[in-house]
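These notes are about the structure you will find just below.
Just so it is clear, none of the values below were taken in a lab; they were calculated from the coordinates. Being a predicted model, the structure only gives us computed values, none of them experimental. Using ideal geometry, Cβ is built from the backbone for each residue, glycine included, and neighbour counts are taken over all protein chains shown.
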Amino acid sequence: MAFVIGLTGGIGSGKSTVAEYFRRLGATIIDTDEIAHALTRPGTPGHDTIVATFGPAVRDASGQLDRAALRRLVFADPAARAQLEAILHPLIRQEVERALAAAKGPYVVLVVPLLVEASGWRERVQRVLVVDCSEAEQVRRTMARSGLSREEVMAIMAAQASREARLAAADDVLVNEGDFAHLEESVRALDARYRALAASG
């Protein structure tokens with residue numbers, strides 16, 4: 001049975017950067033965002049169900065999901081967000097279980113942005129690792145990388161667990177305020193601890 005670390009953090013906190021550091025150190029990475037993308041490519045049941053539910057406006061000219069349009073829609077409407085989650089979450093969980101069964105590394109880092117908010121994930125992991133930064137830094141990074149307005153970023157953050165709730169759920173915290181050398185060193189220290197815990201478990 002794999003030893004599983006649940007990696008989470010708010011939008012723009014740096015989860016992908018941290019996951020990549022763990023990957024380089026030999027951990028198996030299972031990223032639910034990557035799984036969601038794969039499950040919603042054109043021709044997949046997930047893609048077809050989303051378009052049938054929300055209409056052709058969530059598809060771009062090339063037939064791909066217009067993820068920005070879909071994001072705007074679901075973060076403006078809690079009922080629409082619940083519909084999207086009802087479509088995707090069971091499919092994502094199935095794929096996660098498949099990936100966990102096939103995992104070969106010393107331990108698994110399961111990246112789940114909604115680990116604190118969604119039911120069932122915390123029971124699936126041995127430890128919760130939160131990547132944390134200030135809310136101002138979250139807004140700055142997300143606007144810079146995604147082209148979203150401040151208001152759109154704030155709406156996404158409002159739909160996520162609060163920073164306080166995430167930190168309260170954490171077994172381990174990585175502070176990511178932009179000092180990447182320090183962040184990488186912190187990941188190395190956690191890697192050593194997780195290898196020891198996995199070996200003793």
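Quick one: in region 105-123, of everything that is more than 15 Å from the chain's Cα centre (by Cα) and within 26 Å of Leu88 (Cα to Cα), which residue is surrounded by the fewest Cβ atoms within 10 Å (Cβ to Cβ)?
Residues of region 105-123 that are more than 15 Å from the chain's Cα centre (by Cα), as a first pass: 105-107, 123.
Applying the additional criterion that residues be within 26 Å of Leu88 (Cα to Cα) yields 107, 123.
Numbers: Tyr107: 22, Glu123: 7.
Checked region 105-123; the qualifying residue surrounded by the fewest Cβ atoms within 10 Å (Cβ to Cβ) is Glu123.
Within region 2-18, how many residues are at negative phi and either under 10 Å from the mean Cα position of the chain (by Cα) or among the charged types (D, E, K, R) (or both)? Full working, then the answer.
Keep residues of region 2-18 that are at negative phi, which gives 2-8, 10-11, 13, 15-18.
Adding the requirement that they be either under 10 Å from the mean Cα position of the chain (by Cα) or among the charged types (D, E, K, R) (or both) leaves 6-8, 10-11, 15-16.
Residues in region 2-18 being at negative phi and either under 10 Å from the mean Cα position of the chain (by Cα) or among the charged types (D, E, K, R) (or both): 7 in total.
Name the residue that is surrounded by the most Cβ atoms within 10 Å (Cβ to Cβ), counting only residues in region 153-201 that are touching a Pro at 6+ places or on another chain (Cβ under 9 Å) and farther than 15 Å from Thr8 by Cβ. Write out each step before concluding.
Restricting attention to region 153-201, the residues satisfying the condition of being touching a Pro at 6+ places or on another chain (Cβ under 9 Å) are 159-160, 191, 194-195, 198-199.
Now restrict to residues that are farther than 15 Å from Thr8 by Cβ: 191, 194-195, 198-199.
On the way: Asp191: 20, Tyr194: 24, Arg195: 17, Ala198: 18, Ala199: 10.
Looking at residues that are touching a Pro at 6+ places or on another chain (Cβ under 9 Å) and farther than 15 Å from Thr8 by Cβ, I get Tyr194.
Looking at region 124-152 only, could you name the residues that are surrounded by 17 or more Cβ atoms within 10 Å (Cβ to Cβ), among the aliphatic types (A, V, I, L, M) and out of contact with any helix residue (DSSP H, G or I) (no Cβ under 8 Å at 6 or more places or on another chain)?
Within region 124-152, just Val125 meets the criteria.
Per-residue answers, yes or no, for (1) under 15 Å from the mean Cα position of the chain (by Cα); (2) crowded, with 18+ Cβ neighbours inside 10 Å:
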| site | (1), (2) |
| --- | --- |
| Ile30 | yes, yes |
| Gly46 | no, yes |
| Ile50 | no, yes |
| Thr53 | no, no |
| Gly63 | no, no |
| Ala69 | no, no |
